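Before any comments, here is the structure.
The values are calculated or read from the model by the stated rules, or taken from the named source; none is laboratory data. A quick note: this is a predicted structure, and the numbers were derived from the prediction, not measured. Cβ coordinates were reconstructed from backbone atoms using ideal geometry, including for glycine residues, and neighbour counts include every protein chain displayed. Note: areas computed on protein heavy atoms with side chains; ligands, DNA, RNA excluded. Shrake-Rupley method; radii C 1.70, N 1.55, O 1.52, S 1.80 Å.
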Amino acid sequence: MSFVRTKDGTEIFYKDWGSGQPIVFHHGWPLSSDDWDAQLMFFLSKGFRVIAHDRRGHGRSSQTFSGNDMDTYAADVDALAEHLKLEGAVHIGHSTGGGEVARYVAQYGGGGRVAKAVLIGAVPPVMVKSEKNPGGLPIEVFDGFRAALVANRAQFYRDVPSGPFYGFNRPGANVLPGVIDNWWRQGMMGGIKPHYDCIRAFSETDFTEDLKKIEVPTLVMHGDDDQIVPIADSALLAIKLLKRGTLKVHKGLGHGLCTINADVVNADLLAFIQG
């Protein structure tokens, strides 16, 4: 397996397959690079080089006690990009990974390193409710996540994919047990402490200034039935802050669209990258 060691000694696992223009995939909480299987295989078949890493504390990377915050996540991506000597890359992030993309591109994406960016069901600008963000989710929602994680992580990691993540709680939904099992498998590979810390990172980090700094063309893709990251306080606000943003809203799709609706997502991504 391939790893890059960061300045603080953290081992970041990554996949690097194929050749051509590099596409870097950033996964959501509490998953791993395996969550991008449908995209990795699709873009390999189209002649791209595909790269996906496990965020620190997630998947096969080090189960870190510290550094579980967006600044460090972005620095870890920079270490990976430097290690692989990436130029002209497309960075695609889902959910928490969308926040990671925003912070990375804003802080490290100059000099031709990044060609385009994509935010899918992504957390920016900021999730938690405040005076500045009255439409956000109350802090009690995220406190509930933390409490459930500590009380019984294994059960919590069944409940999330069985219900709101993929929209399997909607009437008439086609529930896919294998998808639920795979979400649970990925989640349980990571560490409880970094997963706990990451809840604060994805819910309380304000990406407003990051979005304003991004110079490259950026696709914002979101399902309007996203129960995890509601569209009104994420994509519909983020698009107003981007200099070169394009908004793509998919009616009726939920948070886990990259897996459940991979054919739709992959076609949109390919069109944007080649456009």
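On the first, second and third principal axes, largest extent first, how far apart are the outermost C-alpha atoms of region 207-275 in Å?
32, 29, 15
Per the 1.4 Å probe, what fraction of the accessible area of the chain, in percent, lies on carbon and sulfur atoms?
54
With a 1.4 Å probe and all protein chains left in place, how much accessible area per residue does region 227-270 have, in Å²?
Accessible surface, normalised per residue, equals 45 Å².
So what is the relative contact order of the chain, in percent, for Cα pairs below 8 Å that sit 6 or more residues apart?
Value for the chain: 21 percent.
Percent antiparallel among DSSP beta bridges with both residues in the chain, to the nearest 5?
Working: 8 of 33 bridges.
In the chain, approximately 25 percent of DSSP beta bridges are antiparallel ones.
Using alpha-carbon pairs under 8 Å, 6+ residues apart, how would you state the relative contact order of region 132-275 in percent?
Relative contact order here is 24 percent.
Skipping prolines and chain starts, which residues have an amide H placed within reach, meaning under 5 Å, of the one on S2, given they are 5 or more residues away or on another chain?
Y14
Below 8 Å, C-alpha to C-alpha, sequence gap of six or more: please give me the relative contact order for region 1-151 in percent.
So the answer I get is 21 percent.
Taking amide H atoms as placed 1.01 Å from N in the peptide plane, list the residues 5 or more away in sequence, or in a different chain, whose amide H sits under 5 Å from that of H26.
Here I92, G93, H94 satisfy the definition.
List, in order, the whole-Hz ³J(HN,Hα) value for each residue of region 28-34 obtained from phi through the Karplus relation with A = 6.51, B = -1.76, C = 1.60 and θ = phi - 60°; use x for Gly and Pro.
x, 7, x, 8, 8, 4, 4
For region 36-94, what is the accessible area per residue in Å², given a 1.4 Å probe and the full set of protein chains?
I get 34 Å² per residue for region 36-94.
For region 162-275, what is the number of Lys pairs with C-alpha distance below 22 angstrom, counting only pairs 8 or more positions apart or on separate chains?
Numbers: K212/K240; K212/K243; K212/K248; K213/K240; K213/K243; K213/K248; K240/K248; K240/K251.
Counting lysine pairs in region 162-275 gives 8.
Hey, what do the phi angles of region 137-151 turn into as Karplus ³J(HN,Hα) couplings, whole Hz, using 6.51/-1.76/1.60 and θ = phi - 60°, x for Gly and Pro?
Ordered by residue, 3J(HN,Hα) equals 7, x, 4, 4, 4, 6, 4, x, 4, 5, 5, 5, 4, 6, 5 Hz.
Quick check for you: which residues of region 121-157 have the amide N under 18 Å from the point 7 Å beyond the Cα of T208 toward its beta carbon?
123-139
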